[in-house]
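Report on one structure; see the data block that follows.
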Amino acid sequence: MSRSILVTGGAGYIGSHTVLQLLLGGYKAVVVDKLDNSSEIAIKRVQELAGEHGSNLTFHEIDLRDKPALEKLFASEKFEAVIHVAGLKAVGESVKKPLLYYDNNLIGMIVLLEVMAAHGCKKLVFSSSATVYGWPKVVPCTEESPISATNPYGRTKSDSTWKIILLRYFNPVGAHPSGHIGEDPRGIPNNLIPFIQQVAVGRRPALTVYGTDYKTTDGTGVRDYIHVVDLADGHIAALKKLADPSVGCEVYNLGSGKGTSVLEMVAAFEKASGKKIPLVMADRRPGDAEIVYAETEKAERELNWKAKYGIQEFCRDQWNWASKNPYGYEPQAP
Ligand code: UFG
């Protein structure tokens, strides 16, 4: 009998790649997603990509704050664990609409935890972010590095019947090598790679480079980019770790351990796509750190997981997705 995993936000960028790796790994995946910032087409494509395992995927359009709907789902099926990826994540929008963010992300999470507890499901993999390291004084960032944001999940640690793994994602990029699923941000992309991709397909005239005076090799910001398929595999490794009786609440960095500058990324993308990316040099973006990359030793040792792909694969797969789907899951320009 296959083990059933609930994936919240499973139609989104990271969720869809994670669901595919779950199915290929022999798990049953149940996705809940409210399709605010994601598309049901992603679910259909994951089903196709999973081949014979595709029938092990079911989808429910549910808002996590809808407790009766979630109750009904948990009453109908027993879940081994939950991978909670759902959430609003646009930094700029969150500053403009803080209550929307607290309501969606915090209330959604509380309802989910309540329903899980009521149904005796106490294993959780939660997506956290390297953003908690802020502007790190020392790199690489280890899981013990000081954090400038605290996470309510850590406090649930006092209840030892729960098993929780927090995954601190660095910068997810790339797409499934098939080119059938990938990132499809609504509106103007906040992040570097989706922006470069939209310039490459002609949707935007130029990339604005935020900051050219950082103390880095070429003056531009340095980040730890990680292929989304590697990241998805990190979730499967975390699920396996939840079976370890010693786990209470653990934190793992999911990064490649390598730093790449904005200009290095642009050069690699130009090479992979054969497209010229026009640049506009600009001031630093407020809130941006200079250099952020991960210490990956803990995940390697305890999860037996390590990023396999590098910058060439990020750009190759990103371009494959972009050139096949220039408007994401929409067939044409809105
Ligand atoms: N950048 C540009 N131009 C752009 C967009 C980004 O030059 O149009 C630069 C940024 O200044 C930075 C780098 O590209 O140096 C990466 O920026 P991203 O916005 O892609 O990523 P961030 O590292 O700023 O933040 C992202 C997510 C956060 C997450 C964090 C984890 O937005 O939510 O990665 O490290 F927490």
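Numbers at a glance
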item: Mean separation of Cα contacts under 8 Å (6+ apart) over length of the chain, as relative contact order %; result: 20 percent
item: Solvent-accessible area per residue for the chain (1.4 angstrom probe, square angstrom); result: 46 Å²
item: Cα-based Rg and Dmax for segment 8-51, where Dmax is the largest Cα-Cα distance (Å); result: 9.4, 28
item: Antiparallel bridges, percent of DSSP beta bridges restricted to the chain (to nearest 5); result: 5 percent
item: Rule-of-thumb Rg ratio for the chain [Cα; 2.2 N^0.38 Å; N residues]; result: 0.97
item: Cα→Cβ-extended label distance, 7 Å offset, between Lys306 and Ile110, nm; result: 4.3 nm
item: Placed amide H near Val31: partners under 5 Å, 5+ positions off or other chain; result: Val7, Thr58, Phe59, His60
item: Sparse-neighbour loop sites [trypsin sites (Lys or Arg not before Pro); segment 55-144; at most 11 other C-beta within 10 Å; DSSP]; result: Lys78, Lys137
item: Centre separation in Å (Cα based) which lies between segment 241-255 and segment 1-46; result: 21 Å
item: Restricting segment 205-280 to trypsin sites (Lys or Arg not before Pro) in coil, as DSSP defines it, with at most 13 other Cβ within 10 Å; result: Lys215, Lys276
item: Within-14-Å neighbourhood charge of Arg285 [Cβ basis; K, R +1; D, E -1]; result: -2
item: Hits among aspartates and glutamates - C-alpha to C-alpha of Lys72 under 17 Å, sequence gap 8 or more where chains match; result: Asp33, Glu61, Asp63, Glu80, Glu114
item: When each of Lys28/Lys258; Lys89/Lys215; Lys258/Lys298; Lys271/Lys308; Lys28/Lys298; Lys34/Lys67 is checked by Cα-Cα distance, pairs over 23 Å; result: Lys28/Lys258; Lys89/Lys215; Lys28/Lys298
item: GluC sites (Glu not before Pro) lying in DSSP loop within segment 48-139, provided at most 16 other Cβ fall within 10 Å; result: Glu77, Glu80
item: Residue range of the chain that is longest and free of chymotrypsin sites (Phe, Trp or Tyr not before Pro) which are both DSSP loop and sparsely packed (at most 16 other C-beta within 10 Å); result: 1-326
item: Long-range HN-HN contacts of Ala81 with modeled amide H, under 5 Å; result: Leu6
item: Using alpha-carbon coordinates, inclination of helix 67-76 to the longest axis of the chain, degrees; result: 60 degrees
item: Cut-off under 5 Å, modelled amide H: who pairs with Leu254 long-range; result: Arg168, Tyr169, Phe170
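The values are calculated or read from the model by the stated rules, or taken from the named source; none is laboratory data. No experiment lies behind these values; they were computed from the predicted model shown. Virtual Cβ from ideal backbone geometry, glycine too; neighbours counted across all protein chains shown. Remember, those area values only see protein heavy atoms, side chains included, never the ligands or the DNA or RNA. Shrake-Rupley method; radii C 1.70, N 1.55, O 1.52, S 1.80 Å.
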